[in-house]
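Trainee: Would you mind keeping the following structure in view while I ask a few things?
Quick note: the coordinates plus some simple rules give every number you see, no bench work behind them. These figures come from a predicted structure and were not determined experimentally. Neighbour counts run over all protein chains shown; Cβ positions are idealised from the backbone, glycine included.
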Amino acid sequence: MSFFGRKPSAPRSKSRTRTKEPSPSPSPAAPPLPAPSAEAVFGANKPLYLSRPFADAALVKGKFKTIIQLPPYVDMWEWVAVNIFDFYTNLNEFYGVLTEVCTQQSCPTMSAGPSLNYLWTNQDKKQINLSAPNYIDSVMSSVQTILDDENIFPTKSSQNFHPSFPHTVKLVYRQLLRVFAHLYHAHYEAILHLRSEPHFNSLFAHFLAFGKEYELLEVADIRGEADRPVGVGLLWERWKEAGILDS
Ligand SMILES: [Zn+2]
């Protein structure tokens, strides 16, 4: 179901026995905090990804409701698993193209806004600064490990998803969101140079719509904190205003 026309690569293409699942519940309403304006966050340096025509460039026109909808007779968590696999694969490919410009020198921090640098939580639960390439490599390899773990992402029809699956996929979603946030914030010019902005915008809008629909995304993670807003939080607001995404 990827709009890239790719089949979900192995191993997620295997069919699974359907299990009972609750239908996805509607996403909770966003907290009534007003979103800051682009001017308030960026001053006179409004980034290109929030500017016309780039902010509105898309491969997928209209709403995402149809492509995120749970297909009939498909297990909801199976649907979530297949889509996360696709988001990861597509984002990883974009990142692969941008590794030349995302270096230790260009990106000594995992920046995602004028005053926001994500910290990585290491094995000792300590928050440490990593360069963006190191941070993203850590995200991608940890997500790959999770996707490859049969106990978390089972591919056998006899095996059900572990009860901790919803919690795990939320953590995956949060980290993938951070990768999107950095690539938009730090490398959108390179994306424009590749003329990939319609592709990248559609991938991100699909990711946001899906995350909201299946409650994998926290609004606080998209917006950030008042004094450290996430740059792409404003893109999310803009797409909601334009009717591309549901509020
Ligand atoms: Zn970078």
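Trainee: Would you please put 66-73, 106-113 in order of how densely packed they are, using the mean number of other Cβ atoms within 10 angstrom per residue and starting with the highest?
Mentor: On the way: 66-73: 11.6, 106-113: 20.0.
Packing order, densest peptide first, comes out as 106-113, 66-73.
Trainee: If you don't mind, another one. What ³J(HN,Hα) values, in whole Hz, does the Karplus curve 6.51 cos²θ - 1.76 cosθ + 1.60 give for region 203-212 when θ = phi - 60°, with x put for Gly and Pro?
Mentor: 4, 5, 5, 4, 4, 5, 4, 5, x, 6
Trainee: If R₀ is 25 angstrom, what is the calculated FRET efficiency for the pair Leu119 and Glu215, using the beta carbon separation as r and rounding to 0.05?
Mentor: The computed FRET efficiency comes out at 0.50.
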